[in-house]
Structure formats: structure tokens, C-alpha cells
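**Student:** The following block contains the structure, expressed as C-alpha cells.
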Amino acid sequence: AQSVSQHNHHVILSEAASLELGCNYSYGGTVNLFWYVQYPGQHLQLLLKYFSGDPLVKGIKGFEAEFIKSKFSFNLRKPSVQWSDTAEYFCAGGVGSQGNLIFGKGTKLSVKP
Amino acid sequence: GAGVSQSPRYKVAKRGQDVALRCDPISGHVSLFWYQQALGQGPEFLTYFQNEAQLDKSGLPSDRFFAERPEGSVSTLKIQRTQQEDSAVYLCASSLGGTVRRGELFFGEGSRLTVL
């Protein structure tokens, strides 16, 4: 069955620390992968997406993610987090011929000033 | 409108009541999705429309859940005889194209349903 799993439920970092949030997927066929962010009190917004090509994708606000096919992973990274990155982060995946996305359970990131 | 609009933002229902949740997608967006997000969980897919056609309703948890998009624009998610386990945030999202490769889903702020 298709699934997306996120390893960390809650991550707490100090400002300027580096971030890596794990995401693994289980799909057959060509997979499209996404990271969404939900800031407190706001709706879900797209951070970045991977369809094909360069496995290192860059998104907004200095975030990037690397697609590693051999590990079925699509981890999110940021070299230096800011307090304003405090939010919940969701990894999602879908198969190109289908309409819906499957979301992971999310990782809450708290950044201490 | 500028974004996806959902109403009501908050709904409290007594167990057994029927509720209707409305979604107004971004103008011109072909695809519309409904997701259910329970507390501490990620969004769970409920159903998907392409224009007025409901192409996938495999995520609807029971026959008490019904969704429609009669004119290919506004959509309504109806829950009949609500149960406590229906308490969740119901998210609506729209996108310009028709498949996952369309790119971005634009989400509304959700309708939080509490069933007492």
C-alpha cells in the first residue's frame, strides 16, 4: 500500500542550528513528492516539490530536500533555522496518474530564540 | 477569490445531527480535494473532484459522508448523523490541473468540526 512516513513527531532546535526532517515513502511506479508547511494559525502551504530530474530540490525560505531513490527518502533540510520556522511540516507523495496526495503525520518544529 | 475559502470555520454539532461544510476553490481550478485531519495527525484523503466529476471517493470513511460539486466550482461535504469520531478539521484544497503532476495544492484554512 502507498504510504508516507515521517520519523520525528516533535523537533526542538535553537536558532542557527541545522535542520533535517526525515520522510520515507512506499510507492510503486513514478512518485512525486512534496513538503508542505503549516505555520501557527495558518493554512498549509507548499515548501517544495520533486517530480523528476535533479534529486536536490530547493524551495522557499532556504529549505531544500533530497530525493534518494535507493533509500525511498525525501528528507527536508535547512542549514540554519530561524525562530520564524516554527511550524508543522508535512511530507506528501502521489503517483503521477492519480489525483490525490498521501500525507505523513507531520513533524512539529519548535525553534527557540 | 484570492484563495480557497471554507465555511463555517468552526462547527459544533450534537451527536446525530447532520452538518454541511462548504468549500469555495480558487476560480478556474479544475481539481478539488477534501481531507480530514484529526488532532496530531496528517491530512487524510477523503475525496477528489475534477470539475463536477467525483473521480475518487475511496477515502470517505462511511456512507454517512457525501460530497458534491454540481457545477464544477463550489463543493459541499455533508456528514449525516454525526458521531464523535467525526470530530476533526476538514480541509479543502484546489489545484489548477488534474493529476498529481499539476503541482501545488492550495489549501483553505479548514472547518473544525466538534461533535458532542
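**Student:** Inspect all residues belonging to the range A:56-68 and state whether any of them is without any contact (Cβ under 8 Å) to a residue 12 or more places away in the chain and of a type in the set (Val, Ile, Thr).
**Tutor:** Narrowing the range A:56-68 to residues without any contact (Cβ under 8 Å) to a residue 12 or more places away in the chain: A:56-58, A:66.
This time we only want the ones that are of a type in the set (Val, Ile, Thr), so: A:57.
Yes.
**Student:** Say whether the condition of being open to solvent by 60 Å² or more (accessible area, probe 1.4 Å), more than 24 Å from B:Ala38 (Cα to Cα), more than 9 Å from every other protein chain (Cβ to nearest Cβ) and of a type outside the set (Lys, Arg) is met by at least one residue in the range A:69-76.
**Tutor:** If we filter the range A:69-76 for residues that are open to solvent by 60 Å² or more (accessible area, probe 1.4 Å), which is where we start, we get A:69-72.
Narrowing the set further to residues that are more than 24 Å from B:Ala38 (Cα to Cα) leaves A:69-72.
Filter again for more than 9 Å from every other protein chain (Cβ to nearest Cβ), leaving A:69-72.
Cutting the leftovers down to of a type outside the set (Lys, Arg) gives us A:70, A:72.
Checked against the condition, which is being open to solvent by 60 Å² or more (accessible area, probe 1.4 Å), more than 24 Å from B:Ala38 (Cα to Cα), more than 9 Å from every other protein chain (Cβ to nearest Cβ) and of a type outside the set (Lys, Arg), the range A:69-76 yields at least one hit.
**Student:** Considering every residue within the range B:101-116, establish whether at least one is free of Cβ contacts under 8 Å to residues at least 40 places away in the same chain, under 20 Å from A:Phe103 (Cβ atoms) and open to solvent by 20 Å² or more (accessible area, probe 1.4 Å).
**Tutor:** Initially, the range B:101-116 is screened for residues free of Cβ contacts under 8 Å to residues at least 40 places away in the same chain, giving B:101, B:103-104.
With the extra rule that they be under 20 Å from A:Phe103 (Cβ atoms), the set shrinks to B:101, B:103-104.
Retained after the next criterion (residues that are open to solvent by 20 Å² or more (accessible area, probe 1.4 Å)): B:101, B:104.
Looking through the range B:101-116, at least one residue is free of Cβ contacts under 8 Å to residues at least 40 places away in the same chain, under 20 Å from A:Phe103 (Cβ atoms) and open to solvent by 20 Å² or more (accessible area, probe 1.4 Å).
**Student:** Among the residues of the range A:1-39, write down those that are among the hydrophobic types (A, V, I, L, M, F, W, C), open to solvent by 60 Å² or more (accessible area, probe 1.4 Å) and at pLDDT below 95. Break it down stepwise before answering.
**Tutor:** First pass over the range A:1-39, keeping only residues among the hydrophobic types (A, V, I, L, M, F, W, C): A:1, A:4, A:11-13, A:16-17, A:19, A:21, A:23, A:31, A:33-35, A:37.
Still in the list and also open to solvent by 60 Å² or more (accessible area, probe 1.4 Å): A:1, A:12, A:16.
Selection gives A:Ala1 alone.
**Student:** For the range A:89-106, state whether one or more residues are surrounded by 12 or more Cβ atoms within 10 Å (Cβ to Cβ), more than 30 Å from B:Gln54 (Cβ to Cβ) and more than 14 Å from the chain's Cα centre (by Cα).
**Tutor:** No: the range A:89-106 contains no residue that is surrounded by 12 or more Cβ atoms within 10 Å (Cβ to Cβ), more than 30 Å from B:Gln54 (Cβ to Cβ) and more than 14 Å from the chain's Cα centre (by Cα).
**Student:** Taking the residues in the range B:6-64 that are surrounded by 14 or more Cβ atoms within 10 Å (Cβ to Cβ), within 14 Å of another protein chain (Cβ to nearest Cβ) and among the charged types (D, E, K, R) as candidates, determine which candidate is farthest from the chain's Cα centre (by Cα).
**Tutor:** B:Asp56
**Student:** Scan the strands (runs of 3 or more DSSP E) fully inside the range B:67-116 and keep the ones with 3 or more residues being hydrophobic (A, V, I, L, M, F, W, C), under 26 Å from A:Gly93 (Cβ atoms) and at pLDDT 95 or above.
**Tutor:** On the way: elements: B:75-79, B:88-95, B:111-115.
Here the list reads B:88-95.
**Student:** If you don't mind, another one. Condition check: in contact with a helix residue (DSSP H, G or I) (Cβ under 7 Å, 6 or more places away or on another chain) and in a loop (DSSP other than H, G, I, E, B). Does B:Arg15 satisfy that?
**Tutor:** Working: in contact with a helix residue (DSSP H, G or I) (Cβ under 7 Å, 6 or more places away or on another chain): yes; in a loop (DSSP other than H, G, I, E, B): yes.
Against the criterion (in contact with a helix residue (DSSP H, G or I) (Cβ under 7 Å, 6 or more places away or on another chain) and in a loop (DSSP other than H, G, I, E, B)), B:Arg15 qualifies.
**Student:** Which count do you get for residues in the range A:41-61 that are more than 12 Å from chain B (Cβ to nearest Cβ) and either closer than 17 Å to A:His7 by Cα or open to solvent by 50 Å² or more (accessible area, probe 1.4 Å) (or both)?
**Tutor:** We begin by selecting, within the range A:41-61, every residue more than 12 Å from chain B (Cβ to nearest Cβ); these are A:53-58, A:61.
Retained after the next criterion (residues that are either closer than 17 Å to A:His7 by Cα or open to solvent by 50 Å² or more (accessible area, probe 1.4 Å) (or both)): A:53-56, A:58, A:61.
Of the residues in that region, 6 qualify.
The values are calculated or read from the model by the stated rules, or taken from the named source; none is laboratory data. Since we're looking at a predicted model, the values are computed, not measured. Cβ sites come from the backbone with ideal geometry, for glycine too, and all protein chains shown count toward neighbours. Note: areas computed on protein heavy atoms with side chains; ligands, DNA, RNA excluded. Shrake-Rupley method; radii C 1.70, N 1.55, O 1.52, S 1.80 Å.
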